[in-house]
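Contents: one structure, followed by commentary.
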Amino acid sequence: MLPKISMFLSGMATPENAWSSKDFGHCNRIHIPLSGRAVYVGKSGETIMTTGKLYLFPESDFISFSEIEGEPYLHLFLDFYTTPLLSLDRPLVLDLEEDEELNALAYTYQLTIPGERNASGYHIFYRADRSDSSIYDKNIFDRVCEALIYMVFKKAGDIFYSDERINAALNYISTHYAEDIDNDTLSAQLHIDSSHLIRIFKTTIGVTPHQYITEYRVNKAIQMLSFGEPVKSVCYECGFKTENAFRIAFKKFKNVSPSKYK
């Protein structure tokens, strides 16, 4: 059964100096360098990104990027979410030069990116909530995006959790995070006892259900804040009971306050 995907942002860009996963809403990102080189730093350490590669950055890993001085960096990006979530906790690298099928699809994606370039000619973007059909054929572009994402999944192999109970729990959290969810709620959904739920979460994901839910809410808050929504409304829309609890959780996982993250 194929995972459900939804696109968020996509395009071609030349960044200015440094940027991070904070800047694209903390989601999964397919990243394809076209010219120059850049450095990313995540859980796996520091790596130089080069042309001829496709990088899949999972939403679970906070990534910071920096351009290498003297090498203007042009790249393609495609941001998306999946249900269930990817089991990756660090970037995946695929070799385009060794895979003609994936390389051809990546090139097709580049050719079909809609929108308008800015003055420098190096920034094109698409937003999933955009409906201006005069600029692009959304149906065709969405099909190309989906084909590229599913092709990456196929080439990557086992990047989803194999435990159906974990997938069911994560799916439930992804659609009910704004509600009051606790261990008893999830246990009832999975028809297992609370202690067993905690055990399989810690064994499979490495955190407790409560820790996972809190961080998931913080990541959803980041997406909303990136669209300019006010902190107070984001707090309650993401399932936090008080603004103070929201600030504490945000500080814990992102080391900054919600207002400074906007």
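The values are calculated or read from the model by the stated rules, or taken from the named source; none is laboratory data. These numbers were taken from a predicted model, which means no experiment stands behind them. Cβ: placed from backbone, ideal geometry, glycine included. Neighbour counts: every protein chain shown.
Brief remarks follow.
- For the stretch 37-95, the tally of residues that are in contact with an Asp or Glu (Cβ under 9 Å, 6 or more places away or on another chain), among the β-branched types (Val, Ile, Thr) and under 21 Å from Tyr212 (Cβ atoms) stands at 1.
- Test set (1) hydrophobic (A, V, I, L, M, F, W, C); (2) touching a Ser or Thr at 6+ places or on another chain (Cβ under 7 Å); (3) at pLDDT 80 or above; (4) within 30 Å of Arg217 (Cα to Cα) - Phe62 fails condition number: (3)
- Condition met for Asp180 (closer than 28 Å to Leu76 by Cα and not in a helix (DSSP H, G or I)): no
- For the stretch 14-46, the set of residues classified as crowded, with 17+ Cβ neighbours inside 10 Å and at pLDDT 70 or above consists of Thr14, Cys27, Asn28, Arg29, Ile30, His31, Ile32, Pro33, Gly36, Ala38, Tyr40, Gly42, listed by residue number.
- Residue within the stretch 213-220 that is surrounded by 16 or more Cβ atoms within 10 Å (Cβ to Cβ) and either among the polar types (S, T, N, Q) or assigned to a loop (DSSP other than H, G, I, E, B) (or both) present: yes
- Residues being crowded, with 17+ Cβ neighbours inside 10 Å and among the charged types (D, E, K, R) - total across the stretch 62-75: 1
- Taking residues in the stretch 227-246 that are touching a residue at least 60 places away in the same chain (Cβ under 8 Å), and partners anywhere that are not small (Gly, Ala, Ser), the pairs with Cβ atoms closer than 7 Å and at least 6 places apart or on different chains are Cys238/Tyr177; Cys238/Arg217; Cys238/Lys220; Gly239/Tyr177; Gly239/Glu179; Gly239/Arg217.
- Thr51 vs. criteria hydroxyl-bearing (Ser, Thr, Tyr), in a strand (DSSP E or B) and either under 26 Å from Phe253 (Cα atoms) or not assigned by TED's automatic domain parsing to the domain that holds Lys254 (or both): no
- Any hit, the stretch 186-200, residues being among the hydrophobic types (A, V, I, L, M, F, W, C), modelled with pLDDT under 85 and outside any helix (DSSP H, G or I): no
- Consider the stretch 1-13 and keep the residues that are modelled with pLDDT of 65 or more and not in a strand (DSSP E or B). The one that is nearest to Glu67 (Cα to Cα) is Pro3.
- Scope the stretch 172-203; condition closer than 18 Å to Asp89 by Cα and surrounded by fewer than 16 Cβ atoms within 10 Å (Cβ to Cβ); matching residues: Lys202, Thr203
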